[in-house]
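One structure is given below, encoded as structure tokens.
The values are calculated or read from the model by the stated rules, or taken from the named source; none is laboratory data. Bear in mind the structure is a predicted one, so any value in this text is a computation, not a measurement. Using ideal geometry, Cβ is built from the backbone for each residue, glycine included, and neighbour counts are taken over all protein chains shown.
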Amino acid sequence: MAATGISESPAEATPRTTPAALELRGATKEFRLRRSRTVTALASVDLAVGNGEFVALLGPSGCGKSTVLRMLAGLDTPTRGEVLVNGGAPAELVRGHRLGIAFQEHALLPWATAYDNVALPFRVAGRPVDADRVNALLSLVGLEGFTDARPRQLSGGMRQRVAIARALVLQPEVLLLDEPFGALDAVTRRRMNFELARIWADQQITTLLVTHDVDEAVLLADRVVVLTGRPGTVRHVEDITLPRPRDKALTRDAEFHDIVDRLTALLDEGAE
Amino acid sequence: MSRSESAVVEGPSAGQHPVGPGDGTAPRADAEDGGKQPRRALLHTLSRTLSRLLSRYWTVLALVAAWAVWVRTRQLNQIVAPTPAAVFGDVLGHPGAYLPDLGWTLLNAAVGLALGLVLGVTGALLVWASPLLSGLMTPMALIMRSVPVVAMIPVIARVVGFGITAVLTVTTVVSFFPVFVMAGSGLRAAPAATRDVFTVLAATRLTRLRLLLLPHAVPAVLVGLRLTASTAVLSAMLAEYLLGTHGLGLLFARSVTFMDPARAWGTALVATVVSVLCFVGARAAERLGSARFS
Amino acid sequence: MNRARTTVLTVAGTLLLLAAMEGVGRLGVLGESWPPLTQVVAALDDPITRDLLGRALAATATAAGTGFVAGTLVALVVAVVGALLPPLQPGLDRLAAVVNAVPLIALGPLLITTVGREGTPAVIAALAAGFAVFVAATSGLGAAGAAHRDVFRALGSSRRATLLRLQLPAAVPLLIDGLALAAPAAVLGAVVGEWFGAPRGLGVLLVSSMQNFQTDLMWAAALSAAVISLTAYAALAGLRVAAARRFV
């Protein structure tokens, strides 16, 4: 069972049938340092995420995985190669307010309440605030009672829930998550993983999650793409066929641990 | 100037310690003997407040005491240096002699502060809007930061005319630069991740300014105001003194001329107190603002 | 690339500022009292004016320099005392704030009776510079991180050793920042001090030329004060850049 899940070549990072919602073709990113030296963050990365698929991009810190996400969000552009979202430039999706994003830093407005933070995308897009939608999302992330709380009054986990609700409020076609639970303690982080699994089961949005936590990647994703090294390259792609819904019971499952151990070993090798 | 913030930070640093020695023992003592409880608690609070005031203001009290001793031991003529008692007596005994001029000085400072605020924020917005303007204005901001504006009072008076216009120009220019600099850095201070969220939401420049950058700049602008509040009062007074327009500065000049040292020192005392109060007020506004906006 | 652009814009901005000063004077927008820059500079051709200005400049620079050094030393001693004896700290903070809030002009008559007309500019310069340095030193000595301080406490370091090995080095960047702000403050203090009847100095020249309608001389004096202020600031700001590399 485990053996069938492994695809040997990075080329198979492209899913078989559905057209890709997110796609990188030979994407290379170089950063310019001082005195005209450059450092290559990503070297010719191919990656495709199908419609409605949840892909986790797993790698050690500094392997360029956040750069992949930033290019897909239109925040960075590749030095060479192509980055496509729904077959077009990321900017098109952004212009249509159809992209949701959440970072490790919650990036909430400190002066606004949880409600106003979740309502922000409506205001930025110049649309009337759909109060029902905002309230529905706040209850989806389990914050019904905290609509009027300001970020500083919320715990770290709650802030991330607000950030995720904000990312979802405009019913985006694509959800990009950059280590959204990276700043949380292990227990809260695991609880948030199950929360996200539940929310995602409810919405089924094309999602790319960037993380360095192997358990998190395996718990949440349909596929895990392992990125290693300086410069970052796709080292391995793992299809996760574990049944959904995934809950706490899964973390005691032998197969789950198999996959986690194998991916951890891959990351370890990559680090040497 | 931009550093004066930390010198006078008091209350919260003392109050924020979750377990101070005093805070821990007070409730326990109260619980033990019920009957004397309120009086003991009151005494306790009183002595604590007193010792806190003493630990903070002993230097100021020592300064006043040294002044009294100095006048007495040197047997100084009252014209050279009046005793603290004479000065406090004059201020408390004839408040009417000070009030109109105090009003003028406060008005000069407040109008200058308001104009400086408006111009400073406008300037910062212009610089934000145009990188070209930003590059061109940087040297000016730098030069003005280190040019002694108050020393230019004679020049300013020559150019804009003597009288209240010159005083207002001085207080405006003095207030402009800290506000301009702080508002500018406030507009640039929004965290990168939040800016990225706005980029991904395809926010227009105006939306970004309205919903993200301006609220972010509020605490910084309030810091700028705190830095200038007392300076505005002091430079108003200096300009009034030099140019002979109504206000504490003129009152001081006249008292010196007419050999009324108690009044002259009283004017200095009033100005000191008012300048400290302006600082305290501006700091309170800053705390409120930063609690609201961060 | 970006830095070159900034440099170009900065130079352009400076030139624009000078051109604006010249233009306003040429066009007479603000009347007789705003002469063109070139006219102010040309006034220095006259050896008597140059001599007058030179002596005033020397007097003010001396007073400001003396005040700067004295004020800095006193402020540092007081800040270190506050750091070694924490109970004294709040009182010292208040004293500095109150001394800073005393209107400069109020000090004039007092100082004239105590240190005399000649000494007044330097003393006011010392007070103005000292406050800036004291504030910077106090926050600098508190700038060492909590983790660092815990390391020193766990090592059983004495208060003096912590001050020497941790707090003072950590305070250097903020301190130099404070010095950069103190230098213009000292120049301002010296000029204001000269308004109380000092025999010579840029402050004296500013007021007398204002009263005698010697516009060119007044501007020359004002620009001289600005130039020493700027030079002192720029020198210390440069020092700060160098120190930042070493201590941060």
Selection within the range A:201-257 - in a loop (DSSP other than H, G, I, E, B) and in contact with a helix residue (DSSP H, G or I) (Cβ under 9 Å, 6 or more places away or on another chain) = A:Ile205, A:His212, A:Asp213, A:Gly229, A:Ile240, A:Thr241, A:Leu242, A:Pro243, A:Arg244, A:Pro245, A:Arg246, A:Asp247
Checklist (1) surrounded by fewer than 19 Cβ atoms within 10 Å (Cβ to Cβ); (2) within 29 Å of A:Ser155 (Cα to Cα) applied to A:Asp268, failing item | (2)
Out of curiosity, is A:Asp185 touching a residue at least 40 places away in the same chain (Cβ under 8 Å) and more than 20 Å from A:Ile101 (Cα to Cα)?
-> no
From the residues in the range B:181-202 that are surrounded by fewer than 24 Cβ atoms within 10 Å (Cβ to Cβ) and small (Gly, Ala, Ser), which one is farthest from A:Gly74 (Cα to Cα)?
-> B:Ser185
Evaluation of B:Met144 against (1) closer than 18 Å to B:Gly224 by Cα; (2) more than 14 Å from chain C (Cβ to nearest Cβ) (one fails), failing number = (2)
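One line per residue, one yes/no per condition, for (1) aromatic (Phe, Trp, Tyr); (2) within 25 Å of B:Ala157 (Cα to Cα):
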residue	(1), (2)
C:Trp34	yes, yes
C:Ala43	no, yes
C:Thr49	no, yes
C:Gly54	no, yes
C:Leu57	no, yes
C:Ala61	no, yes
C:Val69	no, no
C:Val74	no, no
Could you please find all residues in the range A:102-144 being at pLDDT below 90, away from every other protein chain (no Cβ under 12 Å) and in a loop (DSSP other than H, G, I, E, B)?
-> A:Val141, A:Gly142
Single condition B:Leu222 does not satisfy, out of (1) within 30 Å of B:Asn108 (Cα to Cα); (2) assigned to a helix (DSSP H, G or I); (3) touching a Leu at 6+ places or on another chain (Cβ under 8 Å); (4) not small (Gly, Ala, Ser) | (3)
With respect to C:Pro173, is the statement that it is surrounded by fewer than 24 Cβ atoms within 10 Å (Cβ to Cβ) and not small (Gly, Ala, Ser) true?
-> yes
Matching helices (runs of 4 or more DSSP H) fully within the range C:164-248 where at least 1 residues are facing chain B (nearest Cβ under 8 Å) and among the hydroxyl-bearing types (Ser, Thr, Tyr) | C:202-211, C:215-247
Inspect the range C:194-204 for any residue being small (Gly, Ala, Ser), under 19 Å from the mean Cα position of the chain (by Cα) and at pLDDT 85 or above and give the result as yes or no.
-> yes
